[in-house]
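Scroll down for the structure; my scribbles are underneath it.
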2 protein chains.
Amino acid sequence: MHRLRVAMVQVNSVVGDLDGNVARVRSALGEVADCDVAIFPEMVLTGYPLEDLVLKPKFVADSRAAMETLAAEGGDCALVLGFADPGPDGCVHNAVAVCHGGDVAGVYHKRQLPNYSVFDEARHFRAGTTPQELYRIGGARVGVAVCEDLWVADGPVDRLFEGGAELLVVVNGSPYHRGKLAEREATVVATATSSGRPLVYVNLVGAQDELVFDGGSMVADPTGRIVARGPRFDEAVVVTDIDVPEVPHAEGGLPVVEVSGAVDRGDPLVPAPVAPLEPMAELYGALVTATRDYVVKSGFTDVCLGLSGGVDSALVATIAADALGPDHVHAVLMPSRYSSGHSVTDAESLIAEQGIDGMTIPIEDAHVALRGLLGLDDLSDADKGDGLVDENLQARIRGVLLMALSNAHGWLVLTTGNKSESAVGYSTLYGDTAGAYASIKDVYKTTVYDLCRWRNTQAVLCGGGPVIPDPILAKPPSAELRPDQRDDQSLPPYDVLDPLLEAYIEGDRTRAELVASGFDADLVDRVVRLVDGAEYKRRQTPHGARVTRKGFGRDRRLPVVNRYRG
Amino acid sequence: MHRLRVAMVQVNSVVGDLDGNVARVRSALGEVADCDVAIFPEMVLTGYPLEDLVLKPKFVADSRAAMETLAAEGGDCALVLGFADPGPDGCVHNAVAVCHGGDVAGVYHKRQLPNYSVFDEARHFRAGTTPQELYRIGGARVGVAVCEDLWVADGPVDRLFEGGAELLVVVNGSPYHRGKLAEREATVVATATSSGRPLVYVNLVGAQDELVFDGGSMVADPTGRIVARGPRFDEAVVVTDIDVPEVPHAEGGLPVVEVSGAVDRGDPLVPAPVAPLEPMAELYGALVTATRDYVVKSGFTDVCLGLSGGVDSALVATIAADALGPDHVHAVLMPSRYSSGHSVTDAESLIAEQGIDGMTIPIEDAHVALRGLLGLDDLSDADKGDGLVDENLQARIRGVLLMALSNAHGWLVLTTGNKSESAVGYSTLYGDTAGAYASIKDVYKTTVYDLCRWRNTQAVLCGGGPVIPDPILAKPPSAELRPDQRDDQSLPPYDVLDPLLEAYIEGDRTRAELVASGFDADLVDRVVRLVDGAEYKRRQTPHGARVTRKGFGRDRRLPVVNRYRG
C-alpha cells in the first residue's frame, strides 16, 4: 500500500489571463508544499473554454511558456497543470503537464474531445495520439486523464488501468447544470469500483460567459466511497492522504516516468467533510457565482437593473446583492402610467430590506414624447399593432434609461428575464432584454418563485426577515404595460407552461410525443410555435448563467430563418 | 467516349421547408426530362446549414421521406438529391441519393465533415463509412462526392478515380466570400486535370442567416477548361452535354450500380456562356441576395431603416430597394438637434431618386424628455460619461422609433453599421445596432464607398442619374451625435484603419506582426484594444451577410470575458 498526500486545488481561472492564472496557481503553492502532488483543473493556466482564442498561435505559445515558467519554479510537490499545448502544423492540444523539481516530467494530450452540447473541442483541438505513460509519484504509478477521457467506454482511462495505473487523476472543466454532480459522482464511483483503484477528480470553479463551473472535486476509494470533497463554487485547496493499493506492473504495461518516491508522514490526514447542498442552495450558488464572475472578470464592480416590483427583478437584485454587496447594486424604479401603486411600494421595501441603492425615474415624460412622435394617439387600433407598439415603447424607454445610467456611471446592466419568458418570446428586444448579463435567463418562472422562497428562508434562519417582501411573491405576475394586464391573459399559468417548455426544450420532444404525454394539443401547438418563432429574439440577448441541461445558448443552436414546424 | 446530358440545378432551398424544397425540385423536373442526370446542390431538400435542426430525429426522418417521395416519382432522368439521412444510434449523415425510374439506386454519405470557420459538421453529422460505389448513368461510370470531400488530398475523390469513376459529380453548399469562386475553380480544375476526368460542380444559391450561397456551378473538362457555368446568386437549370472519355474498369475497382444506358441525341448541346462578374458586382449581388432572402424567407415583404444622409444608410437603402423593390423600403429620417441641414436634404434626394417610401420624425421631443428624466442638463461633465450618454441617447431613441414602426407595420428593421464600425465598437447597442438584419455588417467603410460608386456607375450606364446622390459620397463621415462631430476625431482615417482591421481580423496577425508590416505601433495597440473590447457588443447584434473570409459571426467565436491582449 502506498500512501500519497494529494492536494485538489480548485482554481477560478480567468480566460485569457495567463499571468493572472499563473499567479493564482502560485498562491496555492504554499499550502501544498508538504504534498506529493497538487492537482489543478483542466486548462487552469488559460481559463476554459477558450473558444477561438485557441486559433491564435501566439496565445497558445504563451500558454506553453506559462506552464514552463511554473515548472521551472517547482519543488518537491509534483504539479499537474492544464494548458493549451502547440502541436505540429498549427494544431493545438488540450494538455496537462506533470511538473516536478524544476522540470516537466511529461505532458499528456486529451484524447477524447467533446463536440456536443456546449462543447466545441473538435473545432479547437487535435486529439492526443502520443503514447500514454504513467508517473511514479510518492511511490505509486499515477495515470492522468482529462475530463471527457473519463466518460468514454473502452477509452484512455481503461488503457491507463490495463497499463498499470495504481491511482487515476482526472482534471476537469466540467460545467454545472442541475443534477450534474450526481452524474459525475456516479461515473467516478463506477470507475473506481470497476477498476479497484482510487480516483481523484478535480474540477474548475467560477463562471465564464454562460458556463458555471461548480468545483465539487472528489476522491473515490476503490470501494467507491467518496473520501474527500471540495466545496461547490468556491476556490479551495483540499489536502488528503490517499491509500493506494499496490498493483503488479504486468509486462507490456505503460512506461513509467519516475517523478518522486514515497514519503513517510505518520498519521493520515483527512479533510473536513463538506455538507451536500440542497437543490435550491446549489442553484442559487450557481447564479450568484455566474453574476459575480461576469461582472468582476469584465473589470466592473457595480450593476444596475430595473426593479419593477415583480418577482424576477426582485430575485436578480437579491442575487446581485449577494454577489457584489448591496451597495454595488443600483435598482432603478421606472414606473409608467400603468404601474400599480403596490409595485412601487414593494420595490421600495426590497431596497430598504437589503440596503441596496435605489432611485426612481418615472418614464411618463418620455412615454408622452415618443407617443407623440409616433402619432400613437391618432392611430387606429389596427395600426398600433394591437397595443404592442405602446407596450414595447415602455420597455424600451426603460432599456434606454438603464443604458444611459450604465454609460454615465460605469455600471453593468443586469437583465431580469426568466427562461419561461425567453422561451415564448414574452419580452421586448432592446427593452427588458437590454443589458450585459442575464442572471436568471435559464431559470423557469416557477423556479424563480422556489428560489425566492428558499432565499427568504435562509434569511429567516439567519435571524432576519425575508429579503424579498412577501407581497412580491403573493401577487399574480404582470408586465404592467397596459391597464390591468396579467401574464395569464397571454400565457397559460406557469405551472402548466413550465413543464411543457421543459419537455420541449430540454427533453426535445416532438409535438406528437408532447400530446401523447398528456399536454393539451392546442396548447402544444401554440407553445411550440411561440418557442420556434422567438429564436430571432434570443439571438440578440446577452449571455446568462446556464443552469439546465439545455440553455438558450451554446447548447441550442437553431437557425433563425427556419420553416420547420415539426 | 460517352456523351452525357447533364443538368446542373441551382436551387434556393429554405432551411426546414421540406415541402417547399420538394416543390422547388419538382418545378425543375420539366426542364431536365431529356437529361441523363440532374444534379441538385448539397442538402437541397433540407436547406443548409441546418445547425441543431439535425438533432431533431423527426426532422431527419421527414427529410429521408421527402427524398423517397421524389425518388418514387422519378422518370428517365436520374436525380442526385442531397438530404439528411438518419443513421443508426441517432446519428445523422449529410447524404446524397441517386434516384432513377422510381427507385433509390444508392445513397452516399459525405465522408469529410468540415468543422472550422463557419462549419460545424462534426457537431451534427457522422462521417460516412459505407463502401463507396459508382453509378452507371448514360453509360458512364459516375462517382459522387459532397463538397469538403473534394478538398481533401488522398480522400474520397481519389478513391472514386482509383475505383474507375469516369465522371465526377460534386454537390455543394459552398458559402460565398470575396475571392471564393477563384479558389473553387482552382480546385475543380486541378482535380479534373490531375485525374483526366470531367467534373461537374453544383452549388446552392441564396442566403441563410449570415451565409450567402452564390451558385456559380461549373463543368470542367479533362484538360481543365470550364465548359459550362451556372449564374451567380440566381436559381437556374443549366443543361450541357459532357463528353466523358472511357476508362478501363480495373479489377478491384469500385462496384457499379446500373442506373441508365447511353442515349443518342445528335448534336451536342452547349449552354450559353455566363459572363464573369467584376468584384463589386459580385459583392453587391451577394448583399442584395442576403438581404432579400432574409426578409422573404422570414415571411416579410417590407423593411424600414434610419436614413441619416450618410453613406452607410444610403447603401443599405439602395441594396434593400434592389432586393425588394423601392416601394417596400421605408426610409425614416430622424434628425436631432445636431443633424446638419445637408444630411436631411441629401437623404431626401436619395428617397426621391429611388422612389422609396420616406418619412421624417425629428427626435427632439424625445431627446428633451429623456435628457430631463436623466437630469443630463444638471450633471457635471464627468457624470455624463464624456458626452457618451447623450450621444447614445440619440442613437437609442432612433432604435426605439424604428422598432415601433416595425411593430406597427410589420416591417423588418435593417441596421446600417459597417464592418469598420462593428470592429472598433463605434456603434450604440440597442441604437443603430437594433434591427433584424445587418446588410453591410461585413463590409469595411472604404468598400462601402466603392460599392456606392459602382452602383451609381451602373445606374448611369443604364441611362439614369446616380441613385446615391454625390454629396453623400463627398462629405466627411460623421455620426452627427454632437456639434461638428466627424468620425476622424475618434478614429484614424478609414483608408488607414481598414487595412489594419483586415490584417488583424481576417489575417489574424499578432501585434508584433502588424507593427513589423508597417503599421504604427500606437495605432496597432489602440485598434487591437478597441476590437477586442467590443466583443460584447457584437454578440448582441443581428445576423448580417458574411462576405469576407472572416466575418463577425460563425467564423470568429471569441469569448466575451477575455483578458488576453496579446
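Which FRET efficiency value, to the nearest 0.05, do you get for A:Asp488 and A:Glu513 by plugging their Cβ-Cβ distance into 1/(1 + (r/R0)^6) with R0 = 30 Å? Don't skip to the end; give the middle numbers.
Working: r = 26 Å, r/R0 = 0.87.
The formula returns an efficiency of 0.70 here.
Quick one: B:Phe125, A:Phe552, B:Phe519, fewest Cβ neighbours within 10 Å first, how do they rank?
Working: B:Phe125 22, A:Phe552 26, B:Phe519 19.
The most exposed by this proxy come first: B:Phe519, B:Phe125, A:Phe552.
For B:Ser439, the residues whose amide H sits under 5 Å from its own are B:Thr415, ignoring neighbours fewer than 5 places away on the same chain, with H placed 1.01 Å from N.
Ranked by how many other Cβ atoms sit within 10 Å of their own Cβ, fewest first, the residues B:Asp17, B:Asp154, A:Asp470 fall in the order B:Asp154, A:Asp470, B:Asp17.
Can you pull the Kirkwood radius for the protein assembly as shown, inverse mean 1/r over Cα pairs, to one decimal in Å?
Values: mean 1/r = 0.0314 Å⁻¹.
That comes to 31.8 Å for the protein assembly as shown.
Put the Cα centre of the stretch B:1-50 next to the Cα centre of the stretch A:33-64 and the gap is 48 Å.
Which value, in debye to the nearest 20, describes the size of the charge dipole of the stretch B:107-188 about its Cα centre when Lys and Arg Cβ atoms bear +1, Asp and Glu Cβ atoms bear -1, and nothing else is charged? Working shown, then result.
Numbers: 10 positive and 11 negative charges, 46 e Å.
Dipole size: approximately 220 debye.
Over every Cα atom in chain B, the radius of gyration and the widest Cα-Cα span, Dmax, amount to 26.2, 90 Å.
Based on DSSP loop calls and a cut-off of at most 12 other Cβ atoms within 10 Å, the longest stretch of chain A free of exposed GluC sites (Glu not before Pro) is what?
Details: sites that count: A:Glu246, A:Glu251.
Looking at chain A, A:252-566 is the longest stretch - no exposed GluC sites (Glu not before Pro) with at most 12 other Cβ atoms within 10 Å.
When the charge dipole of the protein assembly as shown is built from unit charges on Cβ atoms (+1 for Lys and Arg, -1 for Asp and Glu) and taken about the Cα centre, the candidate among A:Tyr284, B:Val189, B:Val270 whose Cα reaches farthest toward its positive end is B:Val189.
Restricting the count to DSSP beta bridges whose residues both fall in the stretch B:2-248, what percent are antiparallel, rounded to a multiple of 5? The partial results should precede the final answer.
On the way: 38 of 54 bridges.
Within the stretch B:2-248, antiparallel bridges account for around 70 percent of the total.
Relative to one another, the C-alpha centroids of the stretch A:519-562 and the stretch A:184-249 are positioned 35 Å apart. Under the simplified labelling scheme, the B:Val496-A:Arg529 pair shows an inter-label distance of 5.7 nm, with each label point 7 Å from Cα along Cα→Cβ.
In debye, nearest 20: dipole of the protein assembly as shown around its Cα centre with unit charges on the Cβ of K, R (+) and D, E (-)? Display every interim value, and only then the final one.
Numbers: 104 positive and 160 negative charges, 91 e Å.
So the magnitude is around 440 debye.
Projecting the Cα atoms of B:Leu167, A:Gly215, B:Tyr338 onto the charge dipole of the protein assembly as shown, computed from C-beta unit charges around the Cα centre, puts B:Leu167 farthest toward the positive end. Taking 0.36 nm per residue of separation and subtracting the Cα-Cα distance, full extension of the segment from B:Thr457 to B:Glu246 would add 71.0 nm. Looking at chain B, the DSSP beta bridges with both ends there are about 55 percent antiparallel. Model label points for B:Thr130 and A:Ala186, set 7 angstrom from Cα along the Cα-to-Cβ axis, are 3.4 nm apart. Between identical copies, the spacing of A:Asp327 label points, each set 7 Å from Cα toward the C-beta atom, reads 6.5 nm from nearest to farthest.
For B:Phe213, nonlocal amide neighbours, meaning residues 5 or more places apart or on other chains whose placed amide H falls under 5 Å from its own, are B:Tyr176, B:Gly206, B:Ala207, B:Gln208.
The helix-based estimate of mean residue ellipticity at 222 nm for chain B, built from -39,500 (n - 2.57) per DSSP H run of four or more residues and divided by its residue count, is -11000 deg cm²/dmol to the nearest 500. Two tests apply to each whole DSSP H helix in chain A, Cα reach of 30 Å or more along its axis and mean Kyte-Doolittle hydropathy of at least -1.0, and the ones passing both are A:388-409. Each copy carries a label point for A:Ala272 at 7 Å from Cα toward Cβ; from one copy, the others' points are 8.4 nm away, ordered from shortest. Approximating the spin labels as points 7 Å out from Cα along Cα→Cβ, the A:Leu388-to-A:Ala521 distance works out to 2.8 nm.
Once the C-beta distance of B:Asp378 and B:Ser340 is scaled by a Förster radius of 22 Å, the resulting FRET efficiency is 0.20 to the nearest 0.05.
Each residue in B:Trp411, B:Trp151 was given a count of other beta-carbon atoms within 10 angstrom of its own, and listing them fewest first yields B:Trp151, B:Trp411.
Under a point-charge model restricted to the Cβ atoms of Lys and Arg (+1) and Asp and Glu (-1), what is the dipole moment magnitude of chain A relative to its Cα centre, in debye to the nearest 20?
Values: 52 positive and 80 negative charges, 149 e Å.
Dipole about the Cα centre, nearest 20: 720 debye.
For A:Thr301, inter-copy separations between label points set 7 Å beyond Cα along the Cβ vector come to 5.7 nm, shortest first.
The string of couplings for the stretch A:327-337 from the Karplus curve (6.51, -1.76, 1.60, θ = phi - 60°) is 6, 9, 10, 10, 9, 10, 8, 10, x, 10, 4 Hz, one whole number per residue in order, with x for Gly and Pro. For the protein assembly as shown, the residue among A:Ala28, A:Tyr430, B:Phe300 whose Cα projects farthest onto the positive side of the dipole built from Cβ charges is A:Ala28.
Taken together, the values in this text are just the output of simple stated rules run on the coordinates, not laboratory data. Because the structure is predicted, anything quoted here is derived from the model rather than measured. As a convention, Cβ positions derive from the backbone with ideal geometry for all residues, glycine included, and neighbour counts pool all protein chains shown.
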